[in-house]
Amino acid sequence: MTVYKFPHNFLWGAATASYQIEGAWNEDGKGESIWDRFSHTPGKVTEGNTGDIACDHYHRYPEDIALMRQLGLKAYRFSIAWARVLPGGRGPINPHGLDFYDRLVDALCAANIEPFLTLYHWDLPQVLQDEGGWENRNTCHAFADYSALMVKRLGDRVKYWTTFNEPSVAAFIGNLTGEHAPGYRDPKIAYQVAHNLMVAHGLAVQAIRGANSNLETGIVLNLWMADPATSSPEDVAAAEAAWERDETLFLDPLFKGHYPTGAYQLAGGNMPKILDGDMALIAQELDFVGINYYSRNVIGVKGKVNTIPGSEYTEMGWEVCAPALRRMLVKINNNYSLPPIYITENGSSFKDEVSADGRIHDPRRLDYLKNHFIQTHLAMQDGVDVRGYMVWSLLDNFEWGHGFSKRFGLTHVDYKTQKRTVKDSGEWYAELIRTNKIGG
Ligand code: FCB
């Protein structure tokens, strides 16, 4: 049996995001975020679910850190709720909000778990949205100020700083398809937001480094490999065009300093306003890039092929295809000069059931993870510099527009009692972290 041994300092972890787990949506001086507003708007989220309580992590974080210890996590990726710290997005600080993250980080350090912090995982303060949100460039400056504030408070203990989680989802699912907050369906807004998120990233990188020069600063992108439906030259060209359309819009400005030509054609009259100096601001050197990977797109001349015979699909309707992760890592490694890579999210939603013995047997999630870890290991042998891996997610949680209907956790959450139960996949992951290898 092949043994896949990982480097001794490989950063195994799990990820969450503030709105998906914290709850306490209006406690201790927290301001409203666009996700509070969106989920409180009837018809936006499955079954009217909200993140008002979610996993109640705000109150239960000590228990959740005990859980992380049980799993043996070396790192924990989480995000800050901007409106908890700055209820108005800028201006007066809410000391209780800052104290919460201070306690969280202290507890992580005491548990010997590396904090991997995300500044923006989609919960913009509503006050800023009322002023135009990310369409308004002032929000970029507010973000940079908020970033510096967080670094000043936590930079002595938090080494890894991520500006944005998945800017493409924030821009296009939030403002083009309207399935996420703030729920617009307007291409003009969406393209301007996409650009402004990049500008805000650049300003924040400067602000982070200005506040503390010893940190590792990066960004997290979600990428879906584009595979051709057949090996015909037409399908191959269609897949390549889809990759360029969907995946290079953020990779190119960040790592090449310009937008891909296809982006201009696609945006047409909705081309965003780009100021002199923006591209240099965006393309600053980073210390790492985070990649979130879940699935691939299979593309033919007629567009995306939704059902691949013989393929397995998750509850999200996403095809399970681990080898595409390796191909994609190799592809981006060849096409760009990248800093070290962390897989910042990877995981799957399946229908979990609590068995009579109280356990959650989730062999499909376990296999999903195992196969993706192996493909990452193979990509590393191909020369891709992957330094760590954060499973999505530590806990079942509020899955955005799907509410609580989709479970991604290594740990099951009973939302009525808030009881946490580590699933079989979680037990298996703990063992993997302990031995640092698969097989053998
Ligand atoms: C990603 C998000 C994360 C989670 C997973 C399933 O796009 O970053 O918050 O919802 O999808």
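See the values below:
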quantity	calculated
Cα-only radius of gyration and Dmax that characterise the stretch 310-440, units Å	15.8, 51
Alpha carbon convex hull of the stretch 1-85, projected area averaged over orientations, nm²	8.4 nm²
Cut-off under 5 Å, modelled amide H: who pairs with Glu312 long-range	Val320
Extended-chain gain in nm, criterion 0.36 nm per residue less alpha-carbon gap, Lys152 and Lys416	91.3 nm
Karplus 3J(HN,Hα) series, Hz, for the stretch 384-400 with 6.51 cos²θ - 1.76 cosθ + 1.60 (x for Gly, Pro)	7, 8, 9, 9, x, 8, 10, 6, 9, 9, 4, 10, 4, 7, 6, 8, 6
Overall Cα dimensions of the stretch 96-237, principal axis frame, Å, largest first	55, 39, 25
Normalised convex hull volume, the stretch 162-218, alpha-carbon set, Å³ per residue	62 Å³
In range of the label at Ala280: residues from the stretch 234-253 whose backbone nitrogen is under 18 Å from the point 7 Å along Cα→Cβ	253
Difference of contour (0.36 nm per residue) and Cα-Cα distance, Ser337 to His141	67.8 nm
Zone residues, the stretch 49-75, relative to Ala110, backbone N less than 19 Å from point 7 Å out along Cα-to-Cβ	57-75
Residue-wise HN-Hα coupling along the stretch 91-97, computed from phi with Karplus coefficients 6.51, -1.76, 1.60 (Hz; x: Gly, Pro)	x, x, 7, 9, x, 5, x
In the stretch 301-362, trypsin sites (Lys or Arg not before Pro) in a DSSP loop with at most 13 other beta-carbon atoms within 10 Å	Lys302, Lys351
Net charge over other residues, Cβ less than 12 angstrom from the Cβ of Leu366 (K, R count +1; D, E count -1)	-2
Cα-Cα P(r), the stretch 77-142, percent of pairs per 10 Å interval	20, 46, 25, 8, 1
Cα-projected label distance for Asp287 with Ile93, points at 7 Å along beta-carbon direction, nm	2.1 nm
Rough spin-label spacing in nm, given labels placed 7 Å along Cα→Cβ, for Leu266 and Asn371	2.7 nm
Span from the the stretch 361-440 Cα centroid across to the the stretch 281-303 one, whole angstrom	21 Å
Karplus 3J(HN,Hα) series, Hz, for the stretch 200-207 with 6.51 cos²θ - 1.76 cosθ + 1.60 (x for Gly, Pro)	4, 4, x, 5, 5, 4, 4, 5
The chain - percent of accessible surface contributed by carbon and sulfur, probe 1.4 Å	50 percent
At most 16 other Cβ within 10 Å, DSSP loop - chymotrypsin sites (Phe, Trp or Tyr not before Pro), the stretch 267-362	Trp318, Tyr336
Environment charge at Ser348 (Cβ cut-off 14 Å; Lys +1, Arg +1, Asp -1, Glu -1)	-2
Mean shadow area of the stretch 4-438, taken as a quarter of the surface of its Cα convex hull (nm²)	20.0 nm²
GluC sites (Glu not before Pro) within the stretch 200-278, DSSP loop, no more than 11 other Cβ atoms inside 10 Å	none
Cα-projected label distance for Asn214 with Val3, points at 7 Å along beta-carbon direction, nm	3.7 nm
Positive minus negative residues near Arg387 (Lys, Arg vs Asp, Glu; Cβ under 12 Å)	-3
Links that overshoot a 26 Å alpha carbon limit, given the list Lys273/Lys331; Lys370/Lys423; Lys152/Lys423	Lys273/Lys331; Lys152/Lys423
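The values are calculated or read from the model by the stated rules, or taken from the named source; none is laboratory data. From a predicted model like this one, the values you see are computed outputs, not experimental measurements. A quick note on method: Cβ atoms are made from the backbone with ideal geometry, for glycine too, and the neighbour counts reach across all protein chains shown. For accessibility, only protein heavy atoms count, side chains too; no ligands or nucleic acids. Shrake-Rupley method; radii C 1.70, N 1.55, O 1.52, S 1.80 Å.
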